[in-house]
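Heads up, the thing below is written out as structure tokens.
The values are calculated or read from the model by the stated rules, or taken from the named source; none is laboratory data. All of these numbers come straight from a predicted model, not from anything done at the bench. Don't worry about glycine lacking a Cβ; one is built from the backbone with ideal geometry, like all the others, and counts go over all protein chains shown.
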């Protein structure tokens, strides 16, 4: 993944903010000017804008505590450069009364994270009327490649891509921090995708994202046809296996390179939720071989690619 950067206008400062191009890795990029007021929709045709919405894996996932009904974590998130969806904003020929979303999703529009992100954006941005009008003249199309409900983060990645695209085409001028704030209200994984790091230590309930200095690894991936319920896995873990890691373990995992984790840890050692996932979905165990780790709450597995 290249290290070029694209400037994003900030509403809090005249200096430009930089965002890693891994979020804005477009095949086509629009030419809307960053003006204080966006151009009238009727007078200017918006070029289609497309971004790659990358998958992620959890190299390790450790539980550090609880916060109400949520679990605090320490995890190494790593971008998977070879697996991504395409998220495109397309101008339509006529105006619609509703938000239009195209793609092969396993849920209704109201339960889709992109739609939920749209509603959150209306609640938090400075110009919701323009955003609402813009999406009456445009549709969002997603070409899905990331398996759903597998632990690869396809939904949160799509939500992050939508936030970044909307910020640009609607000239909202949100800073990186403001976009992450919107994303955090949608899902714990969304801020990582907005940052666009190849590797990061993620903590808290997902809102603390610290870049880790390493390149993404070359991985083999499998996603068994087993839909694991994230809420049930966490509930089972809390009731049966809950144990916070020690301070020494916390420091050790934060410093350990991902390749070292993958070469030295078993699936249950690297991911505190593994035992609960296998208890709830015992058919997953037959897919666990030597060198394979589980991402998130499953069912996706990954290993170092054999050359």
Residue check: is residue 70 within 21 Å of residue 192 (Cβ to Cβ) and over 16 Å from the mean Cα position of the chain (by Cα)?
yes
Would you pick out the residues in region 119-147 that are part of a helix (DSSP H, G or I) and surrounded by fewer than 23 Cβ atoms within 10 Å (Cβ to Cβ)?
119, 120, 122, 123, 124, 128, 129, 130, 131, 132, 133, 134
Only one of (1) over 30 Å from residue 238 (Cα atoms); (2) in contact with a helix residue (DSSP H, G or I) (Cβ under 8 Å, 6 or more places away or on another chain); (3) at pLDDT below 95; (4) part of a strand (DSSP E or B) fails for residue 46. Which number is that?
(4)
Within region 113-128, the count of residues that are without any contact (Cβ under 8 Å) to a residue 12 or more places away in the chain and either within 19 Å of the chain's Cα centre (by Cα) or more than 18 Å from residue 164 (Cα to Cα) (or both) comes to 1
Tell me, yes or no, whether region 148-168 has at least one residue that is surrounded by fewer than 22 Cβ atoms within 10 Å (Cβ to Cβ), closer than 23 Å to residue 110 by Cβ and modelled with pLDDT under 95.
yes
Could you tell me which numbered condition residue 224 fails, if it satisfies all but one of (1) surrounded by 15 or more Cβ atoms within 10 Å (Cβ to Cβ); (2) closer than 15 Å to residue 60 by Cβ; (3) touching a helix residue (DSSP H, G or I) at 6+ places or on another chain (Cβ under 9 Å)?
(2)
Among all residue pairs at least 6 apart or on different chains, which show Cβ distances below 6 Å where the first residue, located in region 224-252, is in contact (Cβ under 8 Å) with a residue 40 or more places away in the chain and at positive phi and the second is surrounded by fewer than 15 Cβ atoms within 10 Å (Cβ to Cβ) and outside any helix (DSSP H, G or I)?
none
State whether the residues of region 255-270 include one that is touching a helix residue (DSSP H, G or I) at 6+ places or on another chain (Cβ under 8 Å) and at positive phi.
no
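Based on this model, can you work out whether residue 74 counts as touching a helix residue (DSSP H, G or I) at 6+ places or on another chain (Cβ under 7 Å) and either in contact (Cβ under 8 Å) with a residue 12 or more places away in the chain or more than 16 Å from residue 301 (Cα to Cα) (or both)?
Details: touching a helix residue (DSSP H, G or I) at 6+ places or on another chain (Cβ under 7 Å): yes; either in contact (Cβ under 8 Å) with a residue 12 or more places away in the chain or more than 16 Å from residue 301 (Cα to Cα) (or both): yes.
Yes; evaluated as a whole, the condition is true for this residue.
Would you mind finding the one in 183, 150, 173, 154 that is in contact with a strand residue (DSSP E or B) (Cβ under 7 Å, 6 or more places away or on another chain), touching a residue at least 24 places away in the same chain (Cβ under 8 Å) and more than 21 Å from residue 92 (Cα to Cα)?
Numbers: 183 fails: in contact with a strand residue (DSSP E or B) (Cβ under 7 Å, 6 or more places away or on another chain); 150 fails: in contact with a strand residue (DSSP E or B) (Cβ under 7 Å, 6 or more places away or on another chain); 173 fails: in contact with a strand residue (DSSP E or B) (Cβ under 7 Å, 6 or more places away or on another chain).
Among 183, 150, 173, 154, only 154 is in contact with a strand residue (DSSP E or B) (Cβ under 7 Å, 6 or more places away or on another chain), touching a residue at least 24 places away in the same chain (Cβ under 8 Å) and more than 21 Å from residue 92 (Cα to Cα).
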Going residue by residue through region 201-211, is there one that turns out to be surrounded by fewer than 17 Cβ atoms within 10 Å (Cβ to Cβ), in a helix (DSSP H, G or I) and either at negative phi or without any contact (Cβ under 8 Å) to a residue 40 or more places away in the chain (or both)?
no
Could you tell me which of the residues 92, 79, 64 is surrounded by fewer than 22 Cβ atoms within 10 Å (Cβ to Cβ), closer than 26 Å to residue 162 by Cβ and in contact with a strand residue (DSSP E or B) (Cβ under 6 Å, 6 or more places away or on another chain)?
92
Please state which of the following conditions residue 74 fails to meet, knowing it meets all the rest: (1) within 30 Å of residue 236 (Cα to Cα); (2) at pLDDT below 90.
(2)
Take the conditions buried (at least 19 other Cβ atoms within 10 Å of the Cβ) and under 21 Å from residue 82 (Cα atoms) and apply them to residue 196. Does it pass?
yes
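Would you check if residue 253 is under 20 Å from residue 150 (Cβ atoms), more than 17 Å from the chain's Cα centre (by Cα) and assigned to a helix (DSSP H, G or I)?
On the way: under 20 Å from residue 150 (Cβ atoms): no; more than 17 Å from the chain's Cα centre (by Cα): yes; assigned to a helix (DSSP H, G or I): yes.
Criteria not met by residue 253.
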Mind checking whether some residue in region 275-290 is surrounded by 21 or more Cβ atoms within 10 Å (Cβ to Cβ), more than 18 Å from residue 200 (Cα to Cα) and in contact with a strand residue (DSSP E or B) (Cβ under 7 Å, 6 or more places away or on another chain)?
yes
